[in-house]
Ligand code: 3PG
């Protein structure tokens with residue numbers, strides 16, 4: 001298991017974050033770190049992503065920080081510049097994968113069927129995101145894939161407190177991703193106490 005996978009499997013869940021205002025990044029990171037979830041996948045769905053990552057990294061150098069929704073090489077450049085530990089993409093884009101490999105940046109691309117798993121394996125990848133997990137057949141589909149392929153998966157998309165432990169019970173699952181742990185409105189409205197309670201609850205659900 002790679003060091004990255006080992007760190008993620010200790011955490012068990014990776015909060016997927018869409019932050020609109022980078023000024024809120026350090027407080028958000030503080031809430032995550034102080035409540036048992038010192039990690040974040042900050043998605044490039046917002047323009048604030050790269051600045052938010054850089055601010056989190058400077059404030060909490062030990063935090064595990066990834067870039068999510070990475071769709072293009074420019075996103076990879078911005079993510080590396082901001083000092084991420086890993087990159088995640090929703091789909092399997094060989095151009096993005098190749099670019100990350102050239103730059104020595106771990107990438108976890110999304111797949112949801114056998115053909116995509118094989119294409120990813122062909123490029124030397126052993127760690128994939130199963131996305132969108134629930135609409136793609138959920139635990140049943142993932143069990144069918146893991147029965148065949150020697151690949152580690154991070155299910156994301158429709159994962160919730162109700163099903164997270166069903167996914168984590170699959171040997172090949174090293175962690176689950178999701179937005180439910182860090183709802184955008186709680187960040188936007190700076191409802192830090194509620195967010196802290198939610199993060200604590202997530203940690204206890206997967207403990
Ligand atoms: C992602 O960006 O990985 C997904 O949108 C997360 O899916 P969720 O919102 O269902 O957790």
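From the list 74, 41, exactly one residue is under 13 Å from the mean Cα position of the chain (by Cα) and either in a helix (DSSP H, G or I) or touching a residue at least 60 places away in the same chain (Cβ under 8 Å) (or both). Which is it? Exactly one of 74, 41 is under 13 Å from the mean Cα position of the chain (by Cα) and either in a helix (DSSP H, G or I) or touching a residue at least 60 places away in the same chain (Cβ under 8 Å) (or both), namely 41. Pairing residues of region 4-28 that are over 22 Å from residue 50 (Cα atoms) with residues that are more than 13 Å from the ligand (Cβ to nearest atom) and in a helix (DSSP H, G or I), at Cβ distances under 7 Å and at least 6 apart in sequence or on separate chains, gives 12/168.
Considering 78, 40, 29, the condition of being touching a strand residue (DSSP E or B) at 6+ places or on another chain (Cβ under 8 Å), crowded, with 18+ Cβ neighbours inside 10 Å and farther than 25 Å from residue 204 by Cβ is satisfied by 78 alone.
Only the coordinates and a few stated rules stand behind these numbers; no lab work does. Because the structure is predicted, anything quoted here is derived from the model rather than measured. Heads up, the Cβs are rebuilt from the backbone with ideal geometry, glycines too, and the neighbour counts pull from every protein chain shown.
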